[in-house]
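Reading through the structure tokens given below for one structure.
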Amino acid sequence: MHQDSRIFVAGHRGLVGSAILRQLAAEGHANLVTRTRAELDLTDQAAVRAFFDREKIEHVFLAAARVGGILANERQGADFIRDNLLIQTNVIDAAWRAGVGKLLFLGSSCIYPRLAEQPMREDALLTGALEPSNKPYAVAKIAGITMCQAYRKQHGFNAICGQPANLYGPGDHFEPESSHVLPGLIRRFHDAKVAGAPSVTLWGTGTPRREFLYVDDMADACIHLMRHYDEGELINLGTGEDIAIRDLAELVRETVGYAGRIEQDLTKPDGHPRKVVDVTRLTAIGWRARMPLDEGIRRTYAWFLGNGAAPYAAAAE
């Protein structure tokens, strides 16, 4: 990937895509191609093929996806599997047909088996049952990985697959009903602070452990992969460190400055009992995360406040 390479960032208004776009621009890449959902519906096969035929793209960061937390996955499972299958199928196939030099497909660490050995290695994929609460999304992402590997084998298409840990940071989605855990906690503690509420309710037991990767670190890792990784095997993107959800809630409460109680709603699901990725393969190609979790949360909350705290950031498009 050169400075003048024609690069398409699919999903450039979402959390991941916007961070990749910022990082590419900061590094001097000026030949960047983006499209909003209104300009290009990635679920429309004919439109996607026409776009790739016309634009002569050289590299693709496929960050477009329908994403959400446990509640959104449970309520909108059909939407999650349908939209993600359509988006990734159309983009991967059209990119290959148009002669794109390289494509990075982004999955998620939630695709690994629910009871996978921790930290989760890349070869744990498809070795056990999935977490039921996000199964439609996970199945779609596994299909995307399989498609990339099949196109590599049959057609020689240089499609690589990165599996990020839970992401957070500026540009995140803070709507309580559909956000992931960390931005959802920021929103709930902030609203409770503003309202003077005596307590904030935390879903589940608070014992599950999660790994969190700051989105600007994620963007840097993606660009590093585009430059230095050309293998068909998927590669984990993360910090290799995790934290219990209850401890995360305490960290967010401290950052927001909320003085009330934390209560548990044990009727709500926990999701995976633990989810942290093995980053051995990533560190072997020379990349490590840099942002400490406490500082990343401070920056995320500052962004949330600076952007009005009322509007909800859009999910990836």
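The values are calculated or read from the model by the stated rules, or taken from the named source; none is laboratory data. On a predicted model such as this, the values are computed, not experimentally measured, just so you know. As a convention, Cβ positions derive from the backbone with ideal geometry for all residues, glycine included, and neighbour counts pool all protein chains shown.
So that you can scan it fast, the table gives a plain yes or no per residue for (1) under 26 Å from E241 (Cβ atoms); (2) touching a residue at least 12 places away in the same chain (Cβ under 8 Å); (3) hydroxyl-bearing (S, T, Y):
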residue: S109; (1), (2), (3): yes, yes, yes
residue: Y112; (1), (2), (3): yes, yes, yes
residue: Q149; (1), (2), (3): no, yes, no
residue: G156; (1), (2), (3): no, no, no
residue: Q163; (1), (2), (3): yes, yes, no
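Being at pLDDT 95 or above and either among the charged types (D, E, K, R) or more than 17 Å from D265 (Cβ to Cβ) (or both) is the filter here; which residues of the range 195-211 pass it?
Across the range 195-211, the qualifying residues are A195, G196, E211.
Any idea which residue in the range 275-294 is modelled with the lowest pLDDT, counting only those that are more than 20 Å from K193 (Cβ to Cβ) and of a type in the set (D, E, K, R)?
K275
Working only within the range 275-309, note down all residues that are part of a strand (DSSP E or B) and either more than 27 Å from M226 (Cα to Cα) or of a type in the set (D, E, K, R) (or both).
Within the range 275-309, just K275 meets the criteria.
Could you list, in sequence order, all residues of the range 143-155 that are buried (at least 17 other Cβ atoms within 10 Å of the Cβ) and more than 12 Å from T89 (Cα to Cα)?
Q149, R152, listed by residue number.
Could we say that R37 is of a type in the set (D, E, K, R), more than 21 Å from A159 (Cβ to Cβ) and in contact with a Lys or Arg (Cβ under 9 Å, 6 or more places away or on another chain) here?
Yes, satisfied.
Would you check if there is a residue in the range 2-11 being more than 19 Å from F157 (Cα to Cα), in contact with a helix residue (DSSP H, G or I) (Cβ under 9 Å, 6 or more places away or on another chain) and of a type in the set (S, T, N, Q)?
no
Among the residues of the range 220-244, write down those that are within 25 Å of Y301 (Cα to Cα) and either modelled with pLDDT under 95 or not in a helix (DSSP H, G or I) (or both).
Passing the criteria: L237, G238, T239, G240, E241, D242, I243, A244.
Go through the range 246-274 and give me each residue that's part of a loop (DSSP other than H, G, I, E, B), more than 22 Å from the chain's Cα centre (by Cα) and modelled with pLDDT under 95.
Correct list: L266, T267, K268.
When the residues of the range 290-306 are narrowed to those that are of a type outside the set (A, V, I, L, M) and touching a residue at least 60 places away in the same chain (Cβ under 8 Å), which ends up surrounded by the fewest Cβ atoms within 10 Å (Cβ to Cβ)?
R290
Starting from the range 11-31, keep only residues that are more than 17 Å from A64 (Cα to Cα), then list their pairs with residues that are at pLDDT below 95 and of a type in the set (A, V, I, L, M, F, W, C) whose Cβ atoms are within a distance under 6 Å, requiring at least 6 positions of separation or different chains.
Here the result reads none, with nothing in the range 11-31 linked to a residue that is at pLDDT below 95 and of a type in the set (A, V, I, L, M, F, W, C).
Here's the yes/no breakdown for (1) modelled with pLDDT under 95; (2) in contact with a His (Cβ under 7 Å, 6 or more places away or on another chain); (3) more than 24 Å from G232 (Cβ to Cβ):
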site: C148; (1), (2), (3): no, no, no
site: Q154; (1), (2), (3): no, no, no
site: F157; (1), (2), (3): no, no, no
site: D172; (1), (2), (3): yes, no, yes
site: E177; (1), (2), (3): yes, no, yes
site: H180; (1), (2), (3): yes, no, yes
site: A192; (1), (2), (3): no, no, yes
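When you scan the range 183-204, how many residues do you find that are over 17 Å from the mean Cα position of the chain (by Cα) and either crowded, with 16+ Cβ neighbours inside 10 Å or in a helix (DSSP H, G or I) (or both)?
Residues in the range 183-204 being over 17 Å from the mean Cα position of the chain (by Cα) and either crowded, with 16+ Cβ neighbours inside 10 Å or in a helix (DSSP H, G or I) (or both): 15 in total.
Filter the range 50-82 down to the residues that are of a type in the set (D, E, K, R), under 30 Å from H224 (Cβ atoms) and modelled with pLDDT of 95 or more, then identify the one that is surrounded by the most Cβ atoms within 10 Å (Cβ to Cβ).
E58
Residues that are within 14 Å of the chain's Cα centre (by Cα), surrounded by fewer than 22 Cβ atoms within 10 Å (Cβ to Cβ), modelled with pLDDT of 95 or more and not hydroxyl-bearing (S, T, Y): does the range 212-219 have at least one?
Taking every residue of the range 212-219 in turn, at least one turns out to be within 14 Å of the chain's Cα centre (by Cα), surrounded by fewer than 22 Cβ atoms within 10 Å (Cβ to Cβ), modelled with pLDDT of 95 or more and not hydroxyl-bearing (S, T, Y).
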